[in-house]
1. Could you work out how much longer the chain between K53 and Y142 gets when fully extended? Use 0.36 nm per residue separation minus the Cα distance between them, nm to one decimal.
2. Counting pairs of alpha carbon atoms under 8 Å apart in space and at least six apart in sequence, what relative contact order in percent does region 148-240 give?
3. Quick one: dipole size for region 169-224, taken about the Cα centre, charges +1 on Lys/Arg Cβ and -1 on Asp/Glu Cβ, in debye to the nearest 20.
4. Fewest Cβ neighbours within 10 Å first, please rank E164, E221, E210 accordingly.
5. Could you state the angle between the C-alpha long axis of helix 145-165 and the longest principal axis of the C-alpha atoms of the chain, as a value from 0 to 90 degrees rounded to the nearest 10?
6. What size of dipole, in debye to the nearest 20, comes out for region 47-180 about its Cα centre when the only charges are +1 on Lys and Arg C-beta atoms and -1 on Asp and Glu C-beta atoms?
7. List, in the order given, every pair from K53/K151; K39/K115; K93/K199; K53/K167; K53/K199; K53/K195 whose Cα-Cα distance in the structure shown is over 30 Å.
8. Which distance in nm do the two modelled labels at D24 and M239 give, with both placed 7 Å along the Cα-to-Cβ direction?
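Coordinate-derived values only; no laboratory data. Not measured: the values here are computed from a predicted model. Don't worry about glycine lacking a Cβ; one is built from the backbone with ideal geometry, like all the others, and counts go over all protein chains shown.
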Amino acid sequence: MSRVAVVTGGTRGIGEGISLALKDMGYSVAANFAGNEQKAQEFTERTGIPNYKFDVGDHDAVIAGCERIRSEVGDIDIVVNNAGITRDGVLHKMSWEDWNEVMRINLGGCFNMAKATFPGMRERKWGRIVNIGSVNGQAGQYGQVNYAAAKSGIHGFTKALAQEGAKYGVTVNAIAPGYIDTDMVAAVPEPVLEKIIAKIPVGRLGHADEIARGVAFFCTEDATFVTGSTLSINGGQHMY
Ligand code: CAA
């Protein structure tokens, strides 16, 4: 059966890898993005996966965006909450805006997407929600009180919603990626990143497709008994 999947932040970085992996599984994929129009158009031309522009942190925009996907692609069966930003800085230099923007998008985005799609999954008695957390939500990270709190919140959100979806065939799981070779990680100052990589037992950054394979597993038809689970994919950086 062809399922419809939405991947937030699905045109670049880890999200691009996830969109491609779900397409390879035969699903109809809609890739959301918020900012980089040019990258999104290039992605669509290259992959044939349509893109949908809306800000996952904006509740009304998410409801309208998901309604558009529903009318153009079909009822949404799978949601991958991947969209996320960083606004790194030590607490004593961090503004309230940098705190709030990360919470609004990274954690608020999961709530907004679930509000738009979970009721339909529940009614149709089948659904998959995969939330992208982070090793830094599990272990904390110097300079990331906002990001670590939001990602940690995603892990709690996952376990709570998993309990609500269980009776209705809707599984809710999380991936906790480590440091992956994306633009987000490339923005970490070189000397800081070198120190981080030195602490990864596998000795390198991860790749987007290595995260995508984990997401794909959660989205299979038969992973019905896997819910409320967090899969760490981090090269051994944090064993949790
Ligand atoms: N533990 C303890 N002390 C640390 C430290 C750490 N991990 N990192 C830095 N410090 C110390 C430094 O040694 C320095 O101390 P001194 O002043 O005594 O020398 C002090 O903190 C200030 O360090 P910086 O010069 O780096 O401070 P800054 O204000 O210029 O920058 C920062 C702070 C923005 C947080 C910068 O260190 C940084 O970007 N760190 C990387 C944060 C990070 O890993 N982000 C991950 C982004 S990718 C991602 O989030 C994806 C994912 O899910 C994994």
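1. Fully extending the segment from K53 to Y142 adds 28.8 nm.
2. Taking the mean separation of contacting Cα pairs over the length of region 148-240, I get 42 percent.
3. Values: 4 positive and 8 negative charges, 52 e Å.
Dipole about the Cα centre, nearest 20: 260 debye.
4. Values: E164 13, E221 10, E210 18.
Least to most surrounded, the residues fall as E221, E164, E210.
5. Rounded to the nearest ten degrees, it is 30.
6. Result for region 47-180 is approximately 400 debye, rounded to the nearest 20.
7. Numbers: K53/K151 23 Å; K39/K115 28 Å; K93/K199 26 Å; K53/K167 33 Å; K53/K199 37 Å; K53/K195 36 Å.
As for pairs spanning more than 30 Å Cα to Cα, those are K53/K167; K53/K199; K53/K195.
8. Simple spin-label model gives 2.9 nm for this pair.
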